[in-house]
Amino acid sequence: MFIKLVIGECTLNVVSAYALQAGLDEEVKRHFWESLDEIVRSIPPAEKLFIGGDFNGHIGSVAGDYGEVHGGFGFGDRNGGGSSLLDFAKAFELVIANSSFPKREEHLVTFRSSVVKTQIDYLLLRRCDRGLCKDCKVIPSETLATQHKLLVMDVGITLRRKKRYARGQPRIR
C-alpha cells in the first residue's frame, strides 16, 4: 500500500509493506518482492520515497558487504530475510534508516515477545535523500500490536516560500 503526498513543490511517496513470515512457500515470498519492486519502479526518481514495514528479516548489527545501505547500527544476526531486504535496498539505491544511527538496544528492538527480541521493522529512503532523515528510533513505551513497538523517523523537509512581488512603483518611506 502506498500514499502520495504533495506538499508545495515536494512530492512524497510513503509505502507500507508487510513481508510474509518465515516458513511460507518461496513462491509467495518472491511475489511479495516482485510487487514491491513494481511499486518502487513506478515512483519517479525526482519524488521522495519512504518505505516502512515489517520485513520479517534480520539485517544484523554488522554492515558487511552492504555498507552503502546498512549504517552499521542494527541488532542481532543477519538471516535470509534480512539479506533479501539488503539486496532490495542495494538494487534500488535505498538506505535503511534505523541502521544509520547509534542507539541503545531498546531503541533498536522493534519486536519483543516473552521468548525473543528482534529488529524486523525497518524504514527505508533513497540514498540521495538520506540527509532528510534526522533521526530514526523505536519508541519503547509505545506498543502498536501486542508485540510490535512504534518505529519513527524524523524527517526535515524545507519548503521554499514564494516571493511576493509588488506591482507598480515601489514605495519609499
task: Determine the pairs where a residue that is more than 13 Å from PHE55 (Cβ to Cβ), located within segment 24-38, has a partner that is among the aliphatic types (A, V, I, L, M) with Cβ atoms under 7 Å apart, the partner being 6 or more residues away or on another chain.
output: VAL28/LEU20
field: Matching option when the condition is under 25 Å from ILE157 (Cα atoms) and part of a loop (DSSP other than H, G, I, E, B), among HIS58, HIS70
entry: HIS70
task: Assess whether ASP87 counts as being closer than 19 Å to SER35 by Cα and out of contact with any strand residue (DSSP E or B) (no Cβ under 9 Å at 6 or more places or on another chain).
output: yes
message: Within segment 73-157, considering only strands (runs of 3 or more DSSP E) that don't extend past its boundaries, which have at least 1 residues that are modelled with pLDDT of 90 or more and open to solvent by 50 Å² or more (accessible area, probe 1.4 Å)?
response: 133-143, 149-155
field: Candidate set: segment 9-55, residues that are among the charged types (D, E, K, R) and in contact with a helix residue (DSSP H, G or I) (Cβ under 9 Å, 6 or more places away or on another chain); chosen: the one modelled with the lowest pLDDT
entry: LYS29
- request: Report, by residue number, each residue of segment 13-55 that is open to solvent by less than 40 Å² (accessible area, probe 1.4 Å), outside any helix (DSSP H, G or I) and not aliphatic (A, V, I, L, M).
  value: ASN13, GLU47, PHE50, GLY52, GLY53, ASP54, PHE55
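The values are calculated or read from the model by the stated rules, or taken from the named source; none is laboratory data. It should be emphasised that the depicted structure is a prediction, and the values quoted were computed from it without experimental measurement. Note that each Cβ is placed from the backbone with ideal geometry, even for glycine, and that neighbours are counted across all protein chains shown. Only protein heavy atoms, including side chains, enter the accessible area calculation; ligands, DNA and RNA are left aside. Shrake-Rupley method; radii C 1.70, N 1.55, O 1.52, S 1.80 Å.
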